[in-house]
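Undergrad: Got a structure here, written out as structure tokens. Questions coming.
Every read-out reported here was derived from the displayed coordinates using simple, explicitly stated rules and does not represent laboratory data. Given the structure is predicted, the values throughout are model-derived calculations rather than measurements. Ideal geometry is used to build each Cβ from the backbone, glycine not excepted, and the neighbour counts take in all protein chains shown.
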Amino acid sequence: MKNRFFLRIFISLFLVAMLSMTILLLVSVDGVTKYYLSTVEDGMEKSLSVISSNTSALLSAGDTSALDLFFISVAKSTGYRLTLIDTSGTVILDSDENPKSMGNHKDRPEIESALNNKAGKSMRFSITRQQDMLYIAILLNIEGKSPVILRIASYVSHTKEAVADFYGRFTLIALFVVICMVIVSYLLTKNVYGPIDRLVTVSKRIADGDFDARVVIFRKDELKVLAESFNIMAEKVKKLFSQSEESREELNKIISTMHEGVLVIDRGGKILLSNEAAKRMFESENMEGRNFREIVRNPDFSELVNRCALEKSGVSGEFKNQNRDILVNLGYIEGVNETVATLFDITAIRETDRMRRDFIMNASHELRTPLTAIRGFIETMSDGVEGENKKYLEIIERHTERLVNIVEDLLSLSSLEHTERLEKEFTDPVKLTEEVVRIMKPKAEMKGLSVTFEHDSPPKISIDIFKFEQVLINLIDNAIKYTDKGFVKVRLNHDESTLLLEIEDSGIGISDEHRKRIFERFYVANKSRSKKSGGTGLGLAIVKHIVLLHDGTVDFKSSNEGTLFLVKLPLNQERSR
Ligand SMILES: Nc1ncnc2c1ncn2[C@@H]1O[C@H](COP(=O)(O)OP(=O)(O)OP(=O)(O)O)[C@@H](O)[C@H]1O
Ligand SMILES: [Mg+2]
């Protein structure tokens, strides 16, 4: 890590330095070469002006051998090479070579320029000398003689030597720079990486759960600010973590002391959390991390969990676990996609309920026989009783009738509670209702009430005919019983999926305070009225029970101008009990 940091700094510095040094080198080499060449050229030009005047003088004197000697002596003392060439390119004299052995020079660039009366210059490789040479040639016009070209040549190899020397020095400088860069990179790494390394180490310790780890940096720059901010952040993380730890512990305590079982299940069915009650309920110690299906081996529970996750909403239901009745409420936590199951052991409640139902049924059965006997004897006695006793007997008869009604109602309620399957038949609901209305009509008319029946054309519906009649009888009976004047209207309509039965009256109404309890057994809203009418408060409980068995709903709207009971039954009942 540290080496990588060092390398990165070093390579960056190295690249920048090398690039700038290369540019500098190229520019410098070019400058040095030009400078050396111009110095050589300057010297040559100065010498040429002296040599040309001497050459012109010796030529006009026609002293070729003196000129030859002059050329040799100049060449010796200056190192220059002197050549005299005629305008056809033939070499006349040369300080270094025998002119006869030299080829025609007309095509040499410096000669071509000189022939055009310009001072010709050319730098090229001399095959004769096997060296780079700089040539300067001028045309000499001598009176009375044909013009000739004087050429002076000089080696430029010392220019190359100077450049090579320059390269050598430059390499030394580059080496020095590289060493400096290694030192600078090392110092920078130590200076910058050291604090960063400490930050990294401390952050790793914090990530591993050591929230007390802090960074100490003795300097006064941005890294110090960074370290301080880091320490503040670490302090906050520590505080937040301890807070969340505290609330987690508190929550765990609450959950573990709960009487109800709690299971938190993730999307894959894994149990993330369970409390003591759940462990007791399913007799399993290690639940966390296991699939809930291994622990709660019940298809109903699995289906409820799946449904909750699928619908992403709360679901409730019951299931059996080792002969215990368990009520479960499932909630869905969006975002984390977890299901929370709260489980209640309702075995005792179910048992009490069953005992209650059995008791009512048995008691009603037991009461039925003596009541039938009493009824029979009252009938027998009524013929022979006169005066006061007849009045008493009538009271006995009325109360006995009431008792018989209660027993009958209780029996029918018990039988409903024990009903597992309905005796369903496809029936025309209009015909059925019409028949009940016809039977109930005389009772209403005796009270001076009008009874009407309106309906659309609902399709046949699968219902338990006898039980549906009970619903109709009870609701119409109530409407008649609790209405003194006006009407009783029965309506039967339907929409796509529902059959709607309405029984409306213009009676005394039901005040809102009774709304919650009106469908309970033995609940009467108006006690004195019920006493008079002989109501026991069981009719609506029977109605509710039957409607629920048909997967329907029953509700009412009421004011002091009358009451409207509304029964809704699904037209396509999938479930048939
Ligand atoms: N149409 C109605 N108008 C006003 N009050 C009503 C009406 N229907 C029911 N109630 C009130 O609701 C109570 C419960 O009715 P429910 O039919 O259960 O019992 P009941 O009529 O008193 O007795 P039962 O029907 O068992 O002979 C009644 O006592 C009455 O106070
Ligand atoms: Mg009633």
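Undergrad: Determine the relative contact order of the chain: mean sequence separation of Cα pairs under 8 Å and six or more apart, normalised by residue count, in whole percent.
TA: Working: 793 pairs, mean separation 38.5, N = 577.
Reported relative contact order: 7 percent.
Undergrad: Under a straight-distance cross-link criterion of Cα-Cα below 19 Å, which aspartates and glutamates are reachable from Lys190, leaving out those fewer than 8 residues away in the same chain?
TA: Reachable aspartates and glutamates: Asp221, Glu222.
Undergrad: Based on the Kirkwood radius over alpha-carbon pairs, what is the Stokes-Einstein translational diffusion coefficient of region 164-231 at 20 °C with 1.002 mPa s viscosity, in µm²/s?
TA: On the way: Rh = 14.7 Å.
Using the Kirkwood radius from Cα pairs, D works out to 146 µm²/s.
Undergrad: Relative to the longest principal axis of the C-alpha atoms of the chain, give the angle of the C-alpha long axis of helix 347-384, reported between 0 and 90° and rounded to the nearest 10°.
TA: For 347-384 against the chain, the angle is about 20 degrees.
Undergrad: Same structure again: For Gln131, what residues show an amide H to amide H distance below 5 Å, using hydrogens built from the backbone and excluding near sequence neighbours?
TA: Ser126
Undergrad: Now for a separate question. Which pairs in the list Lys391/Lys485; Lys485/Lys527; Lys485/Lys544; Lys424/Lys516; Lys46/Lys100 are over 24 Å apart, alpha-carbon to alpha-carbon?
TA: Values: Lys391/Lys485 30 Å; Lys485/Lys527 20 Å; Lys485/Lys544 27 Å; Lys424/Lys516 30 Å; Lys46/Lys100 29 Å.
Listed pairs above 24 Å: Lys391/Lys485; Lys485/Lys544; Lys424/Lys516; Lys46/Lys100.
Undergrad: Counting residues in the chain as N, plug N into 2.2 N^0.38 Å and put the Cα Rg over that result.
TA: Details: Rg = 61.2 Å, N = 577, 2.2 N^0.38 = 24.6 Å.
For the chain, the normalised Cα radius of gyration comes out at 2.48.
Undergrad: Could you give each residue of region 213-226 its phi-based ³J(HN,Hα) in whole Hz, using Karplus coefficients 6.51, -1.76, 1.60 with θ = phi - 60°, and x for Gly or Pro?
TA: Listing the rounded values in order: 5, 9, 9, 10, 10, 9, 7, 10, 10, 4, 5, 5, 4, 4 Hz.
Undergrad: Further question: Please give the Cα centre distance for region 107-125 versus region 201-244, rounded to the nearest Å.
TA: Measuring centre to centre over Cα atoms gives 81 Å.
Undergrad: Treat region 258-345 as a sphere of radius equal to its Kirkwood radius over Cα pairs and apply Stokes-Einstein at 25 °C in a medium of 0.890 mPa s; give the translational diffusion coefficient in µm²/s, rounded to a whole number. All intermediate terms of the calculation are to be shown ahead of the outcome.
TA: Details: Rh = 12.6 Å.
After rounding, the answer is 195 µm²/s.
Undergrad: Another one. Order by neighbour count: Cys180, Cys308, fewest other Cβ atoms within 10 Å first, most last. Write down the numbers at each step before the final one.
TA: Values: Cys180 12, Cys308 23.
Ranking Cys180, Cys308 by Cβ neighbours within 10 Å, fewest first, gives Cys180, Cys308.
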